[in-house]
Amino acid sequence: MSLPVTETLTVHVPLDGGRAYDIRIGRGLIDAAGDAVAALGGRRAAIVTDETVGALYAGRLRESLERAGLQAGVVTVAPGEGSKSYAGYAAVCDGLLGLKVERGDLVVALGGGVVGDLAGFAAATLRRGVRFVQVPTSLLAQVDSSVGGKTGINAPLGKNLIGAFHQPRLVLADTATLDTLSEREMRAGYAEVAKYGLIADAGFFDWCEANWRGIFSGGPEREAAVASCCRAKAAVVTRDEREDGERALLNLGHTFGHALERLTGYDPARLVHGEGVAIGLALAFRFSTRLGLCAGQEAGRVANHLALAGLPTRLQAVPGGCGGAEAIVDAMAQDKKVRDGALTFILARGIGQSFIAPGVDRAEVMAFLRDELAADAIA
Ligand code: NAD
Ligand code: GLY
């Protein structure tokens, strides 16, 4: 069944060198994708998706592409973080080559952040680079991962350690696809929405506290939130595309979160990315309080809001546990923000007042995590 396109919001990412692109946000965009993708030129459009999303949306997307005169094919991977692996990458590249994707053709990533990162990395490297389009279908992918050109896979030693910057040519965020997303994945994506308020926009965090239910239920707040996050991300990426500076702020909560994902073996049954980010956001604020940077009330407000939205905020919440403080700090040592072995954190002086803190003392982090784990054991 094809859906009519409702009013569409557009956010522009004004990168130079002919790499500027639009993010279109609205209900029903998948059925209108063909014309938008065909307008980019090329003969073929190869869809990369996962089994769950593919069963729901690949048929409609393919029909739309074919109606617009493109030759379309589909490469499907298993759902979940496990596909962002060496084996997943090889399977996608082989699938794309099997579909005879050439330099002038397009790869279309249809799915959540896993598919977007994986298909984007395959596109960045296939025949030394083919163009790609993001059709994000999870809240997390619509507000964050489909924008900004970070693509990649995980290595056994850490998250996102193999990758490339490769900007999409177009992002089509069909917000109606979120109607089929599980409640848990919706919550996980919401952690990244709240993150934008916490980084640099206290007013947006206030708005989230008042409106988060509308994002979940599919009210106009959903498109408004996706557009706000994309605007914020587009601005940062335009100023600092390759993360030489302020783009690192977008990793608020991620140093802790990535370590937890690694310690849970990237097993979505235990922890998905957004849940790790939620715990990481709460930890980043409590750590900032401990260092005397941020009022305890602010850290409490952050954790309360995330918990109200159904997200975990404590280490204890990780099913099966996440090891001791030492294991968590060791897992952090592979973070891409590590320089000469010193840890860099994103800390906060308050909601909307995050900053990059290089050279954080390992012993300080260890003591904080020990106290967190001890408090969890008592609670
Ligand atoms: P995901 O891609 O695994 O999707 C979550 C689950 O939801 C999957 O099982 C998927 O099949 C399912 N799903 C997706 N859309 C659906 C829909 N519309 N209906 C029903 N089911 C649907 O995970 P995610 O949370 O979207 O993305 C997490 C990944 O994104 C992580 O690997 C993370 O590292 C990456 N990420 C990348 C960036 C970046 O800038 N590149 C930013 C943030 C996160
Ligand atoms: N999600 C972090 C970034 O895109 O830089």
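What follows draws every value from the coordinates through simple rules; no lab data is involved. Worth saying up front: this structure is predicted, and the values here are computed from it rather than measured. FYI the Cβ positions are ideal-geometry reconstructions off the backbone, even for glycines, and counts take in every protein chain you see.
For the chain, the residue among Leu40, Met366, Phe256 whose Cα projects farthest onto the positive side of the dipole built from Cβ charges is Leu40.
Pairs of alpha-carbon atoms within less than 8 angstrom and 6+ residues apart define the contacts here; what relative contact order does the range 9-141 have, in percent? Please report the intermediate quantities before stating the final value.
Working: 235 pairs, mean separation 30.5, N = 133.
Relative contact order, the range 9-141: 23 percent.
Label the range 27-109 by shape, choosing from rounded, prolate and oblate, from the square roots a ≥ b ≥ c of the eigenvalues of the Cα gyration tensor; if a/c is under 1.5 it is rounded, and otherwise prolate applies when a/b is larger than b/c, oblate when it is not. Oblate is the answer for the range 27-109, as a/c is 1.5 or above yet b/c matches or exceeds a/b. The GNM of the chain, with springs linking C-alpha atoms under 10 angstrom apart, assigns the highest mean-square fluctuation among Thr137, Thr264, Thr49 to Thr264. If you fit an axis through the alpha-carbon atoms of helix 183-200 and take the longest principal axis of the Cα set of the chain, what angle between them do you get, 0 to 90°, nearest 10? With rounding to tens, the tilt is 70 degrees. In the chain, Cα pairs under 8 Å separated by at least six residues give a relative contact order of 14 percent.
Between helix 362-378 and the chain there is an angle of about 80 degrees, using the helix long axis and the longest principal axis of the Cα atoms.
Classification of the range 224-379 by its C-alpha gyration tensor yields a rounded form. The axis ratio a/c (a ≥ b ≥ c) stays under 1.5. The count of lysine pairs in the chain that are at least 8 places apart or cross chains, and whose C-alpha atoms lie under 23 Å apart, stands at 20. The packing ranking, built from the mean of other Cβ atoms within 10 Å per residue, places the peptides 277-283, 203-209 in the order 277-283, 203-209, highest first.
Dividing the convex hull volume of the alpha-carbon atoms in the range 63-121 by its residue count gives 84 Å³ per residue.
Based on DSSP, what percent of beta bridges with both residues in the chain are antiparallel, to the nearest 5? Write out the running numbers ahead of the final one.
Values: 16 of 41 bridges.
Bridges in the chain that DSSP calls antiparallel: roughly 40 percent.
Using only the Cα atoms of the range 1-157, build the gyration tensor, take square roots of its eigenvalues as a ≥ b ≥ c, and label the shape rounded, prolate or oblate: rounded if a/c is under 1.5, else prolate if a/b is larger than b/c, else oblate.
Working: a/c = 1.29, a/b = 1.26, b/c = 1.02.
Rounded.
For Val48, the amide hydrogen comes within under 5 Å of the amide hydrogens of Val75, Val108, Ala109, Leu110, counting only partners 5 or more places away or on other chains and with H modelled in the peptide plane. Against the longest alpha carbon principal axis of the chain, how many degrees, from 0 to 90 and to the nearest 10, is the axis of helix 273-290 turned? Around 30 degrees separate the two axes.
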